[in-house]
Amino acid sequence: MRAVVQRVKESKVLVEGEVVASIGMGLNVLLGVGVGDTLKDVEKLLDKIVNLRIFEDSSGKFNLSLMDVKGSALVVSQFTLYANLKKGRRPSFEEAERPERAKELYYLFIDRLSELVPTQCGVFGAMMEVHIVNWGPVTIVLDSREL
């Protein structure tokens, strides 16, 4: 699994012009599921994300996690994180998991995350507008196979 994690002041997702999810301070997580990903990948990525120390303490140091600051998370499916451009200029998505399995792992990730922090999500497979007020900016790229 791959994730682009952004520390945000606020974030929201619109589908067909309607807000379907919205958070204040916390993390926006763009989540991609790769071929062969399993529950183990969900757990590794989840643990890393909720414990990332990318929020500042009173000294201005990155010492606090999402759980420490009692922030929220907004998770958006993003199969394009598995774009492969080794041949030509048109991306191939062969490394992205098939939609049925990807959807299962995506919602499992959200269910597990929501047990730890307030969590909202986009609509799997929908054309979405994602509005992000990146705070810092702070953006971290994670891959469960490298953790």
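Only the coordinates and a few stated rules stand behind these numbers; no lab work does. Since we're looking at a predicted model, the values are computed, not measured. Note that we place each Cβ from the backbone using ideal geometry, even for glycine, and neighbour counts take in every protein chain shown.
Taking the condition of being within 11 Å of Phe79 (Cβ to Cβ) and either surrounded by 15 or more Cβ atoms within 10 Å (Cβ to Cβ) or among the hydroxyl-bearing types (Ser, Thr, Tyr) (or both), how many residues in the range 94-120 meet it?
So the answer is 6.
Take the range 1-29 and flag every residue that is surrounded by fewer than 21 Cβ atoms within 10 Å (Cβ to Cβ), more than 19 Å from Lys70 (Cβ to Cβ) and touching a helix residue (DSSP H, G or I) at 6+ places or on another chain (Cβ under 8 Å).
Of everything in the range 1-29, just one residue is surrounded by fewer than 21 Cβ atoms within 10 Å (Cβ to Cβ), more than 19 Å from Lys70 (Cβ to Cβ) and touching a helix residue (DSSP H, G or I) at 6+ places or on another chain (Cβ under 8 Å), namely Val4.
The rows are residues; the columns are (1) in contact (Cβ under 8 Å) with a residue 24 or more places away in the chain; (2) under 26 Å from Ile54 (Cβ atoms).
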position: Arg90; (1), (2): no, no
position: Arg101; (1), (2): yes, no
position: Tyr107; (1), (2): no, yes
position: Arg112; (1), (2): yes, yes
position: Cys121; (1), (2): yes, yes
position: Thr139; (1), (2): yes, yes
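Given Val50, Val76, Val123, which one is touching a Cys at 6+ places or on another chain (Cβ under 9 Å) and either in a helix (DSSP H, G or I) or surrounded by 14 or more Cβ atoms within 10 Å (Cβ to Cβ) (or both)?
Only one candidate passes the filter, namely Val76.
Quick one: is Glu56 more than 24 Å from Lys103 (Cα to Cα), out of contact with any Lys or Arg (no Cβ under 8 Å at 6 or more places or on another chain) and not polar (S, T, N, Q)?
yes
Condition test on Asp68, is it surrounded by fewer than 22 Cβ atoms within 10 Å (Cβ to Cβ) and closer than 14 Å to Phe109 by Cβ?
no
Looking at Asp37, Asp41, which is the one that is buried (at least 19 other Cβ atoms within 10 Å of the Cβ) and in a loop (DSSP other than H, G, I, E, B)?
Asp37
Restricting the range 22-34 to residues that are among the small types (Gly, Ala, Ser) and outside any loop (DSSP other than H, G, I, E, B), which is nearest to Thr139 (Cα to Cα)?
The selected residue is Gly26.
I'd like the full set of residues that are outside any helix (DSSP H, G or I) and acidic (Asp, Glu), limited to the range 53-72.
The answer is Glu56, Asp57.
Go through (1) loosely packed, with under 12 Cβ neighbours inside 10 Å; (2) closer than 21 Å to Gly125 by Cβ; (3) small (Gly, Ala, Ser) one by one and return the number of the condition Gly60 breaks.
For Gly60, the failing item is (2).
Are any of the residues in the range 129-147 within 24 Å of Glu16 (Cβ to Cβ), touching a helix residue (DSSP H, G or I) at 6+ places or on another chain (Cβ under 9 Å) and part of a strand (DSSP E or B)?
Scanning the range 129-147 turns up no residue that is within 24 Å of Glu16 (Cβ to Cβ), touching a helix residue (DSSP H, G or I) at 6+ places or on another chain (Cβ under 9 Å) and part of a strand (DSSP E or B).
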